[in-house]
Every structure is written in structure tokens, then in C-alpha cells.
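Engineer: Okay, here's the structure, questions in a sec.
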Amino acid sequence: MKKLFRVIATIAVLFGFSSQSFADGHKPTIALVPGLTTDAFYITMHKGAMAAADALGVELLFQGSPEWNASLQIPILNAVIAKKPDAILIAPNDKQQLIAPLKAAADAGIAVICVDTFIDDGVFQDGMGDGDFPISYVASDNVLGGVMAGNALANAIGKKGTVYVSNVKPGISTTDQREEGFKAAMANYPDITVLETQFNDDDANKASAQVNAVVARAPDLAGIFGANLFSAIGSADGVKAMGKSGEIKVVAFDAPTRIVDDLKSGLVDMAIAQHPAEIGYMGVMVAFGHVTGNPVPVSVGTGFTVMTADNIDDPDISKYVYSD
Ligand code: T6T
């Protein structure tokens, strides 16, 4: 990761993305508003953003809510807008509810860049839709991640049986897309039944309790896709509490530190780690490029690292485990 950052920093300097680029000499301020503050995914994203901010000599603010909740995120966003940063990087809590508050930022001359989640349809600057104004979208390919999870779970259960998705809540771009990709993959397995999705409001305890409730209705449950960090750890906890570790297969999205033990013990079959530090790093780079008058890409895709019991001891894999 450090090597990648150095390469990107070099490219940035070559393209004139350096603090010397400012005509008036003012140091830009970039704010990062995470989906929530108490999530290893965004803590790791913040670290990547800080690395880019240090490399470029910009001021980085980090302000967010401790919960995934649009009605808590909006007043925080308004407080950030009042500070008049040059750019806001935000992981919007909801595709629709954040459009108007972010439009107010754009109307105030603040560049809006979506990181991780998006507003509206996620396709920006194409002249279509109320939420077309963000400059760029920097994120994983979440539909692809869902397809990867679907195929992994199908293989883990021998391509037959009953499964479900543990998800956060409808209206979140990333987790909606993961579910979409997962279901598209599952459509290729005629002997797999996908039960109704269980929504947990980003609460691992709720996701855990839901395992019990689903097994009560479907005792032959073979697998669960945990569509984000809290869904995955809650599902794994629920499977463990029922004494069904290894019997009910779990495929996890995201990679908190405990994923290492969960993979090794067989509680989780596979984890799809995103690269949140890269998202933060690239988000700051794009924001800086834009506010210093450079053309920037309208979308930047970051990668995944697939983690299993067989590869998790490899430092090139384990370096993508998120920071606490
Ligand atoms: O999966 C990540 C993020 O990509 C998603 O948008 C929300 O949940 C996480 O932050 C993990 O908790």
C-alpha cells in the first residue's frame, strides 16, 4: 500500500498536483464525512486520506456520526459546510436523502466527491438526475463484490441449499449493489434457494439474533452472505452461538481484525476485503486535483483482496485487514 501511495504521489507531482499549484498560495481544506466514525472501514479510509493530505500539504477535517443514520449525518454535513472547506468527501448514508443537503454544499461552491457510497444513480456529471453534481465517485465495484460473494458461497455449500443475505437497510448504494450482484450470481445455481434478506440496521447483535430466527424457519440453512462488516460479524456470531460453525457457511464482505481468527477457525469461509485506505487516498487526490484546477476522473475504482484460511498468513494479503 505504501508503495502504491508513493507511486500515486509521484504521479500527482508530475501532473502538477502539488501545493505549489495554488495561484493565491492558500492551502486547501478537504473534509471527509464518513458513513460512520466507529467502523474500522472508515477508520482505515481516514488513514489513507491523511496519507494523501500529508503528501499534498492540505488540511484534512474528519467529522461524522457514530451511527449509520441519514438524519444524524445531515446536521453533521451542515456543520461541515459551515466551515467552508474547498471540498467534501462523503460516504452518503442514503442515496436519496443526502441529495438536497449535498446540493447546498455544491451551490456554496464546495466540490462534492462521493467516497464508498453514492447519491442518486452514482453516475455523475452526465447531465442527468438531481444528484448529478458530485465531481467524482471513488469506490469499490460493489456489484462485482456481490457476484464474487455469491459464487464463493455457492461453491462453499456444494451449489445447493438455502441461503440468505444479511444486509444493513435498503437505500444504501453499496450494500444494495452487493445484494444485487449476489442475487445475479445465485440465479446461475438452480439448486440454491435465496430466502428473504434480513436487515439489521448496521447492528451486529441484530444480525446475530436473525441467524437464530431464520434457522427456526429454515432448519436446513446452508449459508449466509454478510453484506458489510457488521452484517458479517453478526452473522458469524449467530452461527457460532448456535454451535453451527462450519456447518452454516458464512461469506463476509469487509475485513475487520477478527477476520483472521474467523477464517482460521472455519467460522467464515471467505472475506472480501475492500481497500478503504486507497479510497481515502484517491479521494483526497481527486479533490485536490479538482480544487487546483486540474481535470480529474469522474469515477475511480479501487480493488478487492479475497481472504481465505489458506492465504491469510501471507503478509501481502493480511495487510488489507482494516485498522481498528
Ligand atoms: O462495507 C463498508 C462500506 O463499504 C459500506 O458502505 C457500509 O459498511 C461498511 O462501512 C462496513 O461496515
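Engineer: Largest first, how would D202, D220 line up by accessible area (1.4 Å probe)?
Structural biologist: D220, D202
Engineer: Roughly what % of DSSP beta bridges within the chain run antiparallel, to the nearest 5?
Structural biologist: 10
Engineer: In whole angstrom, how far apart do the alpha carbon centroids of segment 164-229 and segment 237-309 sit?
Structural biologist: After rounding, the separation between the Cα centres reads 17 Å.
Engineer: Normalising by the residue count of the chain, find the relative contact order in percent from Cα pairs under 8 Å and 6+ residues apart.
Structural biologist: Numbers: 713 pairs, mean separation 62.0, N = 324.
In percent, rounded to a whole number, it is 19.
Engineer: Additional query: Tally Lys/Arg at +1 and Asp/Glu at -1 over every other residue whose Cβ is under 11 Å from the Cβ of F225; what's the total?
Structural biologist: That sum, taken over residues with Cβ under 11 Å, equals +1.
Engineer: Still on this structure, please answer the following. Find, among the trypsin sites (Lys or Arg not before Pro) in segment 155-252, those assigned to loop by DSSP (not H, G, I, E, B) with at most 14 other beta-carbon atoms within 10 angstrom.
Structural biologist: Hits after loop and neighbour filter: K159, K160.
Engineer: First select every other residue whose beta carbon is under 12 angstrom from the beta carbon of D120; then total the charges, Lys and Arg +1, Asp and Glu -1.
Structural biologist: -3
Engineer: Ordered by residue, what ³J(HN,Hα) values in Hz, to whole numbers, does segment 309-324 give under the Karplus form 6.51 cos²θ - 1.76 cosθ + 1.60, where θ = phi - 60° and Gly and Pro are x?
Structural biologist: Listing the rounded values in order: 4, 6, 10, 5, 7, 6, x, 6, 9, 5, 5, 8, 4, 5, 7, 7 Hz.
Engineer: Right, here's the next one. Just to confirm a number: summing +1 for Lys and Arg and -1 for Asp and Glu over residues other than L32 whose beta-carbon lies under 15 angstrom from that of L32, what do you get?
Structural biologist: Working: positive: K47, K83; negative: D39, D54, E59, D86, D116, E278.
Computed value for this residue: -4.
Engineer: Using 7 Å Cα-to-Cβ label points, what is the H26/S299 separation (nm, one decimal)?
Structural biologist: 3.3
Engineer: Oh, and also: Under the 0.36 nm per residue contour assumption, what length would be gained going from the current alpha-carbon distance of T257 and D310 to full extension?
Structural biologist: This chain segment gains 17.4 nm when fully extended.
Engineer: Okay, moving on. Taking a ≥ b ≥ c as the square roots of the eigenvalues of the Cα gyration tensor of segment 142-273, is the shape rounded (a/c under 1.5), prolate (a/b larger than b/c) or oblate? Numbers along the way, then the final one.
Structural biologist: On the way: a/c = 1.21, a/b = 1.06, b/c = 1.14.
Rounded shape, in that the Cα axes give a/c under 1.5.
Engineer: Using a Förster distance of 22 angstrom, determine the FRET efficiency expected from the C-beta separation of L144 and D121, and round it to 0.05. List each step's numbers first, then the result.
Structural biologist: Values: r = 17 Å, r/R0 = 0.78.
Efficiency computed from Cβ-Cβ geometry: 0.80.
Engineer: Once both labels are modelled 7 Å past Cα along the beta-carbon direction, what's the Q96-A241 spacing in nm?
Structural biologist: 3.3
Engineer: Let me ask you something else. Enumerate the helices in the chain for which the Kyte-Doolittle hydropathy averages 1.0 or more and the C-alpha atoms extend at least 15 Å along the helix's axis, using complete DSSP H runs.
Structural biologist: The answer, listed by residue number, is 2-14, 70-82, 276-291.
The values are calculated or read from the model by the stated rules, or taken from the named source; none is laboratory data. Everything numeric here is computed off the predicted structure, so don't read it as measured data. Glycine also receives a Cβ, built like all others from the backbone with ideal geometry; neighbour counts cover every protein chain displayed. To get the accessible areas, we keep the full protein, side chains included, count just its heavy atoms, and leave off ligands, DNA and RNA. Shrake-Rupley method; radii C 1.70, N 1.55, O 1.52, S 1.80 Å.
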